[in-house]
Every structure is written in structure tokens, then in C-alpha cells.
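Engineer: Following this message is one structure expressed as C-alpha cells.
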Ligand code: CP3
């Protein structure tokens with residue numbers, strides 16, 4: 001159920017309104033920096049078990065909302081559920097990044113089979129929407145085609161050069177199939193109760209200008225367009241992490257997203273001017289949130305000042321780091337919320 005947008009500063013900002021103070025949520029707001037997360041993960045035994053047990057995924061989604069009262073929740077899941085649904089083996093070893101094992105076999109999935117494979121994710125979305133206060137919107141998400149294709153083809157080596165040259169043919173077959181899979185996954189999250197969605201293109205920054213256009217801009221535009229067939233008013237945030245200025249500009253102008261999430265290396269001041277017509281989200285450096293103190297205060301003030309008077313959502317430039325002290329999150333929130 002869609003919360004009353006008039007009660008949600010996050011949805012207002014996403015629809016293009018300037019809101020003061022701006023709404024705030026954080027990428028990876030549920031996770032290892034929270035003692036309640038570490039405890040539940042220990043009990044469950046693994047990260048994947050948390051993702052694939054609807055009651056646990058729902059509980060973890062609510063942890064940061066209960067503790068901090070963020071202005072939006074994001075469903076606890078992972079971008080790698082799509083490679084999993086497509087038949088790849090996905091593992092999250094303690095000591096390294098995730099492992100995605102080839103080969104990917106079953107690219108042609110009927111909607112019924114797809115729904116069955118990710119049923120537990122959609123159940124978690126339902127559960128969260130049912131237990132979340134109506135005034136708190138829920139964000140669904142997916143990895144974008146390029147970032148997912150990179151994991152699927154090269155595993156944890158994330159070898160963009162190999163993916164775009166030696167394995168170009170496989171890449172070009174994979175992107176359209178992923179575009180369909182992602183659209184279906186987002187569509188079903190919206191049907192299950194998500195109020196907005198975010199597309200994570202975490203490795204967009206590894207591409208040169210021409211490949212950025214073919215592998216980030218074009219497929220993202222297709223996902224947004226296809227999603228809006230069934231959900232004409234779908235609210236979409238895109239995160240082409242590490243893109244160049246020109247890349248961010250093209251992304252804001254062409255893809256059809258409502259909001260662009262900026263990483264911490266982009267000047268928000270530049271973006272407020274150059275990226276007119278979209279809501280901006282970001283972009284405090286996660287390391288500054290770890291540092292705390294006056295550095296944190298200055299970082300928050302700069303961002304609040306740059307985002308003032310235009311549609312803006314306060315967030316980090318990437319996910320919360322596990323070593324982030326809880327009191328720094330409190331301090332940041334207090335400062336954002338006292339801004340008028
Ligand atoms: O933001 C949220 O709170 C929602 C949950 C969420 C997770 N992953 C949980 C998670 C979201 C939105 C993601 C997205 C995701 N997953 C991305 C895109 C965003 C980004 O960080 O660039 C990517 C690239 C992945 C793939 C992935 N999953 C990696 C690289 C890792 C290992 C790195 C790490 O932080 O451990 C994961 C595991 C993962 N996904 C964890 C969490 C909370 C840590 C699991 C644990 O050890 O408990």
C-alpha cells in the first residue's frame with residue numbers, strides 16, 4: 001500500500017518537491033554496524049539465511065527504523081538474488097567479497113518460475129509493508145544490468161576489461177536478459193508493497209564513455225521504461241556510482257529516473273546546478289561518518305547547504321561501513337534534522 005505521500009518527506013522529495021529539513025536514509029542502513037544485526041546474523045548462521053527467511057529479513061529491515069527513525073526503509077536483500085534466481089551459485093564467504101560461480105544456465109524464465117525462485121524476497125516485502133508505519137515508505141531495489149552482468153561473468157575479480165573485450169559477446173547476450181529479469185523483480189517488489197525503488201549500478205565507474213552509454217545509460221533507460229508500462233508512476237532512484245560528470249549528466253537527462261544518487265567523489269554543488277530536473281540524493285563520505293566529530297558536522301553542513309531549496313534526499317555516497325560508531329549516526333541525524 002502506498003503511504004500518503006503528503007505524510008512522507010521522502011516521497012515528496014522524490015516527486016520533485018524541496019523539503020526542509022530533507023528526508024534522510026542511508027544505503028546499508030541495516031547491517032554489521034548494528035549490534036542487533038550482528039546478533040540476529042549469528043543466530044541465523046549466515047547472511048544468505050537472513051535474506052531468504054522472510055521473517056528475519058523483515059526484522060533486519062526494521063532494525064534501523066526502530067533505532068534511528070530514518071525517513072525510509074530499504075528491504076533487506078542483496079543485488080545477487082538475481083544471478084541466484086537465474087541459476088548461478090552465489091556465496092558470501094566471511095573473508096572476502098561475494099563469489100558468483102559460472103555457468104549461468106537458465107536465462108529464459110517464465111514469470112511463474114521466477115516468482116517461485118524469489119518468493120521469499122517478495123514475502124519479506126509484504127511483511128515489512130504490513131508492519132511498517134504507513135508514514136514510512138519502503139524502498140525495493142535491484143542491481144542494474146551492467147553491475148549484475150559483471151558479477152555474473154567475472155565473479156569477484158570484477159574484471160571490467162575482460163567483460164567488455166574478450167567476453168563482449170556473452171556480455172551483449174546477458175544485458176537484455178538481465179534487463180527483463182530486473183524489470184520483473186522490481187515490478188514484483190512494487191506489487192508486494194514497495195513504494196519506490198533504487199537501481200544500484202555500483203561498478204558504473206569502471207566504464208569508459210562509450211561503454212557507459214551502451215551498458216549503463218541504454219539498459220537503465222529500458223528498465224525504467226518497461227517498469228512504467230505496469231507502474232506509470234513508479235518512483236525510481238538510480239545510483240551510477242563512480243560515473244564521470246558527463247556520465248552523471250547523461251544519466252540524469254536520458255534514463256528517466258526521478259532521482260540520481262551521487263557518490264562522495266562528485267561535487268554536490270556542481271550537481272545541484274548541472275543536474276536540473278531530477279531529485280538528488282547523497283553524498284556524505286561513509287568514512288566521514290566513521291570519523292565523527294567536527295569533520296562530520298562540517299560534512300553534513302556542506303551537504304545540507306548545497307541541497308537547500310531543491311528536491312534533495314540526504315544519504316551517504318556509498319554504504320554504511322561496518323566500523324561506523326552508532327553515536328556518529330545519532331549525531332548526523334540530529335544535525336540534518338535541525339537544519340531548516
Ligand atoms: O541497504 C540496505 O540496508 C539493504 C541491504 C543491501 C545489502 N546489499 C545487504 C548486504 C543492499 C541494498 C545491498 C546491495 C548490494 N549488494 C550492492 C550494491 C550497493 C553497493 O554496496 O555497491 C552490491 C555491490 C552487493 C553485493 C555484495 N553483497 C557485496 C559486495 C557484499 C560484501 C561486502 C560486504 O559489505 O560485506 C555483500 C554482502 C552484504 N549485502 C552484506 C549486507 C548487509 C554484508 C553481509 C554480512 O556479512 O552480514
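Read the figures in this text as sums done on the coordinates, not as results from a lab. The structure presented is a predicted model; accordingly, all values stated were derived computationally and were not measured. Note that we place each Cβ from the backbone using ideal geometry, even for glycine, and neighbour counts take in every protein chain shown.
Engineer: Please express the shape of the range 141-184 as an equivalent ellipsoid: the semi-axes are the square roots of 5 times the eigenvalues of the C-alpha gyration tensor, given largest first in whole angstrom. Before the final figure, lay out the partial values.
Structural biologist: Working: eigenvalues 65, 29, 7 Å².
Equivalent ellipsoid semi-axes, largest first: 18, 12, 6 Å.
Engineer: Over 10 Å intervals from 0, what percent of Cα-Cα pairs in the range 253-310 sits in each interval?
Structural biologist: In whole percents, the pair-distance histogram is 22, 51, 23, 5.
Engineer: Specify whether the C-alpha gyration tensor of the chain places it in the rounded, prolate or oblate class, a ≥ b ≥ c being the square roots of the eigenvalues: rounded for a/c under 1.5, otherwise prolate if a/b is larger than b/c and oblate if not.
Structural biologist: In terms of gyration-tensor shape, rounded.
Engineer: Another one. Taking the mean number of other Cβ atoms within 10 Å as a proxy for protection, how do you rank 151-161, 233-243 from highest to lowest?
Structural biologist: Listed from highest to lowest mean packing, they are 233-243, 151-161.
Engineer: Within 10 Å of each residue's Cβ, count the other Cβ atoms and sort 114, 146 from fewest upward. If you can, show how the numbers build up before the last one.
Structural biologist: On the way: 114 19, 146 30.
Listing 114, 146 from fewest to most nearby Cβ atoms yields 114, 146.
Engineer: Ignoring solvent entirely, what values of log10 I(q)/I(0) come out of the Debye formula for the range 44-83 at 0.26, 0.30 Å⁻¹ when each Cα is a single scatterer?
Structural biologist: -0.88, -1.00
Engineer: Sequence gap at least 6, Cα distance under 8 Å: using those rules, report the relative contact order of the range 196-309 to the nearest whole percent.
Structural biologist: Relative contact order of the range 196-309: 23 percent.
Engineer: Taking the range 207-340 on its own, what percent of its Cα-Cα pair distances exceed 23 Å?
Structural biologist: The proportion of pairs with Cα distances above 23 Å equals 38 percent.
Engineer: Here's another thing I want to ask about it. Roughly what % of DSSP beta bridges within the chain run antiparallel, to the nearest 5?
Structural biologist: Taking every DSSP beta bridge with both residues in the chain, the antiparallel ones total about 10 percent.
Engineer: Sticking with this one: Which one of 286, 145, 325 has the biggest mean-square fluctuation once the chain is modelled by GNM with Cα springs under 10 Å?
Structural biologist: 325
Engineer: On the first, second and third principal axes, largest extent first, how far apart are the outermost C-alpha atoms of the range 6-126 in Å?
Structural biologist: 49, 34, 25
Engineer: Same structure again: Considering the chain as a Gaussian network with a 10 Å cut-off on Cα pairs, which listed residue, 199, 321, 190, attains the greatest mean-square fluctuation?
Structural biologist: 321
Engineer: Sorted from fewest to most neighbouring beta carbons within 10 Å, what does the list 295, 66 look like?
Structural biologist: Details: 295 14, 66 10.
Fewest-to-most ranking of 295, 66: 66, 295.
Engineer: Kindly give Rg over Rh for the range 193-274, based on alpha-carbon atoms, with the Kirkwood expression for the hydrodynamic radius.
Structural biologist: 0.96
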